[in-house]
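Data block below; observations after.
The values are calculated or read from the model by the stated rules, or taken from the named source; none is laboratory data. Keep in mind that this is a model prediction, so the values were computed, not measured. For neighbour counting, all protein chains shown are included, and Cβ atoms are generated from backbone atoms with ideal geometry for every residue, glycine included.
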Amino acid sequence: MALISLTTDFGTRDEYVGVMKAVILSIAPALNIVDISHQVGPQDRHQAAFLVKAAYPYFEAASIHVVVVDPGVGSQRRIVAMQFDGHFFMAPDNGICHLILDGRTPKVLVAIDRAEFHLPQVSQTFHGRDIFAPVAAQLALGKSLDVLGTPVDPAQLHPLQAPPAPQFGSGFLSGNLVQVDHFGNLTTNIDHRLLREAQTQSAGGAVTIRLGNQTLSGLSTCYADAPAGAPLALVGSRGLLEIAVNQGNARHFFGASRGDPVRLEWKPAPSPIDD
């Protein structure tokens with residue numbers, strides 16, 4: 001039986017997450033449910049998409065990823081579900097799926113509009129309980145997407161502007177901060193492959209990382225490479241360039257926030273001196 005993941009901005013103080021799980025398990029008691037996060041910033045669709053994109057490759061194939069970050073709940077916005085990259089995703093049609101796809105095309109995309117699979121009474125403010133949870137359970141039990149909803153043209157998905165793509169030129173590489181984690185670490189959209197290519201082209205030159213009006217010199221391999229309280233840059237577990245403070249909070253240290261530009265600059269390596 002498939003595994004269901006949940007990502008919401010509900011927090012854990014209230015009953016919302018527990019009630020969603022209760023609805024799922026009342027329909028499919030043998031299911032396993034994994035929480036990716038319930039601490040997404042309120043209505044923060046970009047963060048929700050980022051966390052799900054980072055997490056889903058580590059789930060077994062055909063897992064069902066339910067994302068309820070839904071500022072338009074109760075309005076005319078659709079709920080959509082898609083099959084993509086061997087997994088299933090369900091979210092409001094508010095740009096989350098658009099960001100997860102990142103320019104690619106889902107194998108199947110439907111609007112979740114078959115009321116017979118919803119709870120009998122649907123609230124205007126809690127579709128996570130009344131629509132997402134029961135439909136995810138039915139999908140896990142083997143119902144196909146075309147039974148649960150009506151086909152949608154992927155070109156009609158609601159778009160959401162992604163951060164600008166990293167820029168790579170002679171002696172520089174630039175990107176943006178895309179996530180601030182619980183520790184205050186600052187994740188960029190510069191991935192390790194692009195960083196490696198830039199380093200190769202620099203032929204061993206020294207790199208300077210600029211964030212705001214502050215600079216860092218060189219790349220580290222772990223947090224402990226810097227003294228306690230000192231900043232550093234390294235490739236984090238997501239495979240993305242990260243700026244951190246050893247045993248500290250980089251967001252506070254740099255006064256930074258998501259969207260801020262980051263720039264790496266390489267000085268040419270010294271030319272060898274002939275004997």
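Data overview
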read-out	value
Complete set of residues in the stretch 239-248 that are surrounded by fewer than 19 Cβ atoms within 10 Å (Cβ to Cβ) and either within 25 Å of Y58 (Cβ to Cβ) or modelled with pLDDT under 95 (or both)	G239
Subset of the stretch 1-36 (residues that are surrounded by fewer than 19 Cβ atoms within 10 Å (Cβ to Cβ), among the small types (G, A, S) and outside any loop (DSSP other than H, G, I, E, B))	G18, A22, S26
Test: V34 is out of contact with any helix residue (DSSP H, G or I) (no Cβ under 8 Å at 6 or more places or on another chain), of a type in the set (V, I, T) and touching a residue at least 24 places away in the same chain (Cβ under 8 Å)	yes
Output for the stretch 203-233, where each listed residue is of a type in the set (A, V, I, L, M, F, W, C) and farther than 21 Å from G171 by Cβ	C222, A224, A226, A228, A230, L232
Long-range neighbours under 7 Å by Cβ, at least six apart or interchain, first residue closer than 14 Å to G248 by Cα within the stretch 217-228, second of a type in the set (V, I, T) and surrounded by 14 or more Cβ atoms within 10 Å (Cβ to Cβ)	none
Qualifying positions in the stretch 54-72 - closer than 16 Å to H98 by Cα and under 14 Å from the mean Cα position of the chain (by Cα)	A54, Y56, H65, V66, V67, V68, V69
Filter result (modelled with pLDDT of 95 or more and buried (at least 17 other Cβ atoms within 10 Å of the Cβ)) within the stretch 249-259	A250, R251, F253, F254, A256
Lone qualifier among G229, G175, G218 - being surrounded by fewer than 16 Cβ atoms within 10 Å (Cβ to Cβ), farther than 30 Å from R78 by Cβ, at pLDDT 95 or above and not assigned by TED's automatic domain parsing to the domain that holds A54	G229
Enumeration of residues in the stretch 113-122 that are within 24 Å of L157 (Cα to Cα) and touching a residue at least 12 places away in the same chain (Cβ under 8 Å)	D113, R114, F117, H118
Some residue of the stretch 140-153 being out of contact with any helix residue (DSSP H, G or I) (no Cβ under 9 Å at 6 or more places or on another chain), of a type in the set (V, I, T) and under 21 Å from G259 (Cα atoms)	no
Candidate set from the stretch 218-247 (those that are within 23 Å of the chain's Cα centre (by Cα) and of a type in the set (G, A, S)); member that is nearest to G204 (Cα to Cα)	A233
Residue in the stretch 191-214 that is surrounded by 15 or more Cβ atoms within 10 Å (Cβ to Cβ), under 17 Å from the mean Cα position of the chain (by Cα) and assigned to a strand (DSSP E or B) present	yes
Any pair with Cβ under 9 angstrom, 6 or more apart, that starts in the stretch 45-71 at a residue that is free of Cβ contacts under 8 Å to residues at least 40 places away in the same chain and ends at one that is among the polar types (S, T, N, Q)	P71/Q43; P71/N94
V110 in contact with a Phe, Trp or Tyr (Cβ under 9 Å, 6 or more places away or on another chain) and touching a residue at least 12 places away in the same chain (Cβ under 8 Å)	no
Qualifying residues in the stretch 83-116 (those that are among the small types (G, A, S) and assigned to a loop (DSSP other than H, G, I, E, B)) - the one farthest from A162 (Cα to Cα)	G86
